[in-house]
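Presented below is the structure to which this report refers.
Every number in this text was worked out from the coordinates using simple rules, so none of it is lab data. Keep in mind that what you see is a predicted model, and the values were worked out from it rather than measured. Every residue, glycine as well, gets a Cβ built from its backbone with ideal geometry; the counts of neighbours run over all protein chains shown.
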């Protein structure tokens, strides 16, 4: 499981051959800027941005010359969870569509992914939500996200056992 830039680091490591794709069974990416971030586009024009975030920040722009634009499709089973609740209204203004305050839903998508779902949360603490954690385990166990909350592991019975809830209940 990766969060934000961690998804880009994983994709870059696989693309460079530092980590064999065969070593990865399933991966869930939380709020990844797979196609860059409109917020990085805005902030990269500010001199303090590079100073504050170092060389990684400018690589997250949405343009053709960015690192993310050069990465190939994911060659491993990937599920992406994107948030749709921006906590910072100032940052949210950088986006035209649904976003988590740092990454738009549209730019979280990556070619080759197996499944995608949005959740009602922001970027920074997306991994702290129990419904997101249930979705992570659901994908890791079966290769797809729960489309009905009753399907998510732990909804019925022991939360640790990963059993599916009863459909139609």
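Expressed as a rounded percentage, what relative contact order does segment 1-140 have, with Cα pairs under 8 Å and six or more residues apart? Write down the numbers at each step before the final one.
On the way: 276 pairs, mean separation 37.2, N = 140.
Taking the mean separation of contacting Cα pairs over the length of segment 1-140, I get 27 percent.
Give me the Kirkwood hydrodynamic radius of segment 45-135, using the inverse of the mean 1/r over all pairs of distinct Cα atoms, in Å to one decimal.
Values: mean 1/r = 0.0688 Å⁻¹.
After inverting the mean inverse Cα-Cα distance, the result is 14.5 Å.
Which distance in nm do the two modelled labels at residue 9 and residue 25 give, with both placed 7 Å along the Cα-to-Cβ direction?
Each label point is offset 7 Å from its Cα along the Cβ direction, giving 2.3 nm.
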